[in-house]
Amino acid sequence: MKKLAKETWKEAIFPYLVYVMFFLGTGLISGSIVHMPLDPKKYSIVLVIGMGVFVIASLLNETVIDKKHLSFFSTVRLVIFSLLLSIGIGMISGGIQHFEDVLDYAGYLIPGGIMLSLISFLFKNNIKLGLKKSLPLFTIMLLLVLPLSYTLKTLAASMPKSEGHSHSGGESDHSEEVSSSTVVEENLNNEATSNNSFYFTANEEGSITKLDSNTNRIIATINVEGSIHNVQISPNGKVLAATLVPKSDGHDDKGSVHGHGYILFYNSETTELIKKVNVGNHPAHVVFTDDNKYVLATDSEKNTVSVIDLSSYKIAKTIPTGEGPHGFRISNDSKYAYIANSESDTVSVIDINELKEIKKIKVGNTPITTAITKDNTKLLVTLNSENALAVVDLATDNVTKITVDQGPAQVYIQNNNKFAFVANQGTESNPSNTISKIDLSTNKVVSTIEVGEGAHGIVVSGDNKFVYITNMYDNTVSVVDNSKDKVIAIIPVGKTPNGITYKN
């Protein structure tokens, strides 16, 4: 029995395990190569592990299964070219499996992987072809891979880009991810209004409240299953976007469903759901470009921002940011997005034309959201743990700070650039209940206005007459008369109101 077990191990189980290691290593390598731009630190570790597994499998195959006695030089050669071979195979495999996800460089991955794996294979196995055989072989290979590269890049250029890490291809219609359809509930106690100006609140318990700006009465409630964190109206006023993290038995410790956070798009007039687009794990804020070409959404868990093309509702690019990307605004010329990275004390500057991060600006501790003046010269950033507002001169990136109240969350600049307003949230155990009004010509706080507990979201009406604030711990919205710095209305909305947006 002992002999039989030994022979079974030697002839079947051990070769099988080595065989599995080859493919496991290749799989880890291919996955890490295509996902590397999204999280370089994480996928570098995966790449090293995959390469290690592949090399060990190569050594075991040569020395144990094939019983070769390798010299030191042969061992070194085997290790080096096994590593290169594994990378080459991973490039081919990853490029093929995720072609739609890595359109930008699939045209290099696959042809490059073919050449690298071929050369590595020859050197790893010490195959000496000589000049007469090598020259025609590599001439033929170049004649194959160069047209292949051109063809793949041409094909990629003609295809809409998708999000590289969600494995969902952008727009998703899987009803199990949003387990109940969006429902519009008309408030029968409110009279119908012909007013065309509204504001919307994002309520964390899973709803969006639509209110009439003339009467400050609720017109409709959009109910979904999951957590709504942020809302944003499009520049033309026709589309409302909202971030949704669905609830599921499969959620992680942050309450998100892996890979299944959404941006929901609604008709702002009828509140009809137009589209839902998958944007990763934990979408935070969503903002439209002023030219109505793109909408951007941060994923605070994956440290990325997704750029959605509004002509197709497809993801054009997913761009790595700093750690913990949260709130942001886009310059008035639609060229740059300024994203607050709450876990890395920086603001990522995204070039929207080039679809890439061009720099990070160090601003201070725990940046939450940003705002930018109409002339694109001054950037404001709330610093939650410093109880301050950072003011960044965008010509020099110099930072000055203005002290505000406890735990500042969102900041908003009225459209004539005269005043900025900061909502001071505090914490749930020690909530703040104020907003700070700042004169941007002097960078001084000119008024501190008491609102509800946990002031978080803030927006100013198009005529600059009113300021609207969500109070997270009161489940209300406060309306402030901007000329009198006084609350004139308090409206109960959904539970834990967060983001807020205004439609003229």
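Listing for the model above:
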quantity: Conditions (1) β-branched (Val, Ile, Thr); (2) more than 24 Å from residue 379 (Cα to Cα); (3) surrounded by fewer than 17 Cβ atoms within 10 Å (Cβ to Cβ); number of the one not met by residue 446; calculated: (2)
quantity: Residue list for the range 276-298, restricted to those being farther than 19 Å from residue 410 by Cβ and open to solvent by less than 20 Å² (accessible area, probe 1.4 Å); calculated: 277, 278, 279, 280, 281, 289
quantity: Candidate set from the range 360-387 (those that are over 23 Å from residue 501 (Cα atoms) and assigned to a strand (DSSP E or B)); member that is least open to solvent (accessible area, probe 1.4 Å); calculated: 361
quantity: Entirely in the range 286-339, the strands (runs of 3 or more DSSP E) that have 2 or more residues that are in contact (Cβ under 8 Å) with a residue 60 or more places away in the chain and of a type in the set (S, T, N, Q); calculated: 304-309
quantity: Pairs, first in contact (Cβ under 8 Å) with a residue 40 or more places away in the chain and closer than 17 Å to residue 110 by Cβ in the range 128-150, second open to solvent by less than 60 Å² (accessible area, probe 1.4 Å) and in a helix (DSSP H, G or I), C-beta under 6 Å, six or more apart; calculated: 149/107; 149/111
quantity: All positions within the range 71-92 that are over 18 Å from residue 52 (Cα atoms) and surrounded by 14 or more Cβ atoms within 10 Å (Cβ to Cβ); calculated: 92
quantity: Single condition residue 69 does not satisfy, out of (1) in contact with a Leu (Cβ under 8 Å, 6 or more places away or on another chain); (2) outside any helix (DSSP H, G or I); (3) not polar (S, T, N, Q); calculated: (1)
quantity: Condition met for residue 357 (of a type in the set (Asp, Glu), surrounded by fewer than 24 Cβ atoms within 10 Å (Cβ to Cβ) and assigned to a strand (DSSP E or B)); calculated: yes
quantity: Test: residue in the range 420-429 that is out of contact with any Leu (no Cβ under 9 Å at 6 or more places or on another chain), hydrophobic (A, V, I, L, M, F, W, C), at positive phi and in contact (Cβ under 8 Å) with a residue 24 or more places away in the chain; calculated: no
quantity: Cross-chain or 6+ apart pairs with Cβ under 7 Å, the range 47-68 first and closer than 14 Å to residue 15 by Cβ, then assigned to a loop (DSSP other than H, G, I, E, B); calculated: 62/68; 62/70; 63/70
quantity: Residue pairs meeting the criteria (Cβ under 8 Å; at least 6 apart or on separate chains; first more than 21 Å from residue 428 (Cβ to Cβ), in the range 446-468; second of a type in the set (Asp, Glu) and part of a strand (DSSP E or B)); calculated: 446/439; 465/481; 466/481
quantity: Pick from the range 177-216, criterion assigned to a strand (DSSP E or B) and among the hydrophobic types (A, V, I, L, M, F, W, C), ranking: modelled with the lowest pLDDT; calculated: 183
quantity: Hits in the range 20-37 - residues which are surrounded by fewer than 21 Cβ atoms within 10 Å (Cβ to Cβ) and in contact (Cβ under 8 Å) with a residue 24 or more places away in the chain; calculated: 21, 22, 24, 27, 31, 35, 37
quantity: Test: residue in the range 39-59 that is of a type in the set (A, V, I, L, M, F, W, C), farther than 19 Å from residue 84 by Cα and buried (at least 16 other Cβ atoms within 10 Å of the Cβ); calculated: no
quantity: Unique match (being within 23 Å of residue 287 (Cα to Cα), of a type in the set (Val, Ile, Thr) and in contact with a Pro (Cβ under 8 Å, 6 or more places away or on another chain)) among 358, 435, 368, 350; calculated: 368
quantity: Enumeration of residues in the range 246-269 that are modelled with pLDDT of 90 or more and open to solvent by 10 Å² or more (accessible area, probe 1.4 Å); calculated: 267, 269
quantity: Residue that is touching a Ser or Thr at 6+ places or on another chain (Cβ under 6 Å) and closer than 20 Å to residue 125 by Cβ, where the choices are 70, 85, 60; calculated: 85
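The values are calculated or read from the model by the stated rules, or taken from the named source; none is laboratory data. All values reported here derive from a predicted model rather than from experimental measurement. Cβ coordinates were reconstructed from backbone atoms using ideal geometry, including for glycine residues, and neighbour counts include every protein chain displayed. With ligands, DNA and RNA removed, areas are computed over all heavy atoms of the protein, side chains included. Shrake-Rupley method; radii C 1.70, N 1.55, O 1.52, S 1.80 Å.
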